[in-house]
Amino acid sequence: MEVRKFKRMNYHIVKYSGPFGFIKPWTAVRDIETFSQQFLTPSIVEGIEKKLFPKLLNSNGIQKIVGHRLYYDQITNQQEVIQTRGWNSTRKGSQFHFKRPTAILIRGLLQNPVLHLAFKTMEEAQIAHSQHVCLCRNEDLIFPEEIIEATKQEFEVNEELFPGYELVFEKNEKSFLVGYHRVTQQPMYGWIRVVGQPVNAY
């Protein structure tokens, strides 16, 4: 396992990457065309954390991931067949026939996403580095590459090592509503930190 170190380390950052990943927008998912959002909401980060640390399944909130950063090459459109939640019924004589209509949805997928997850201890980073994560769908896997040790400030400003989007989970004058927590139903707020060039426009 490769570990890169910088002076005055207090963050242990695991780098993940994969060929593609899908992040569900929190808005109208039944639109004909749905684009992936460029940031992770608090409930997505909490879900990733609980996958990495299953002992936290009975607790609420993010406890171990202290920062993250998402970078990707571009968004590519993919077709997906969906079904409605409800059933349509028709009657023929004395029999009822039930059917769930299908439709084709165009989703935007992040191509070649790179995700950095920051932890406060090397032990937590090593546990995370031994596992894969998925960006909302089980088949969209990203895999660990390395652990980088850096300061909190370097993680927040280093454009070469940690480019990308990060939704900072704070409520202040820069914050906006990013959805509702899937478990607690509480509104989630944050503001976007942009470091370097988040999209690799090659």
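List of remarks:
- Furthest towards positive pole of dipole, Leu141, Phe162, Phe176, structure part region 131-186, Cβ charges: Phe176
- Taken along the Cα-to-beta-carbon direction at a fixed 7 Å, the label points for Gln63 and Phe96 span 4.6 nm.
- Percent RCO, i.e. relative contact order, over the chain, from Cα pairs under 8 Å lying at least 6 residues apart: 34 percent
- Cα gyration tensor shape for region 55-107, rounded if a/c is under 1.5, else prolate or oblate: oblate
- Correct choice for Rg and Dmax of the Cα atoms in Å that was computed from the model, options (1) 15.8, 44; (2) 19.6, 79; (3) 17.8, 56: (2)
- Rounded to the nearest 20 debye, the dipole magnitude of the chain is 1000 debye, with +1 charges on Lys and Arg beta carbons, -1 on Asp and Glu beta carbons, and the Cα centre as origin.
- Folded to 0 to 90 degrees: helix 42-52 orientation relative to the chain principal axis, Cα: 80 degrees
- Selection from Trp191, Ser94, Leu110 lying farthest towards where the dipole of the chain points positive, charges on Cβ: Ser94
- Three-way shape label, region 86-202, alpha-carbon gyration tensor, a/c 1.5: prolate
- Region 160-202 shape via C-alpha gyration tensor axes, a/c threshold 1.5: prolate
- Chain lengthening between Glu139 and Asn172 when straightened (0.36 nm per residue, less Cα-Cα): 8.3 nm
- Exceeding the 30 Å Cα-Cα cut-off - candidates Lys55/Lys99; Lys120/Lys174; Lys152/Lys174: Lys55/Lys99
- Label-to-label distance, Leu105 versus Gln74, with points set 7 angstrom from Cα along the beta-carbon direction: 2.4 nm.
- The packing ranking of peptides 121-133, 73-85, highest mean first, is 121-133, 73-85, where packing means the average number of other beta carbon atoms within 10 angstrom of each residue.
Every number here is computed from the coordinates shown, using simple stated rules; none is lab data. Here the structure is a predicted model, which means the values were calculated and not measured. Cβ: placed from backbone, ideal geometry, glycine included. Neighbour counts: every protein chain shown.
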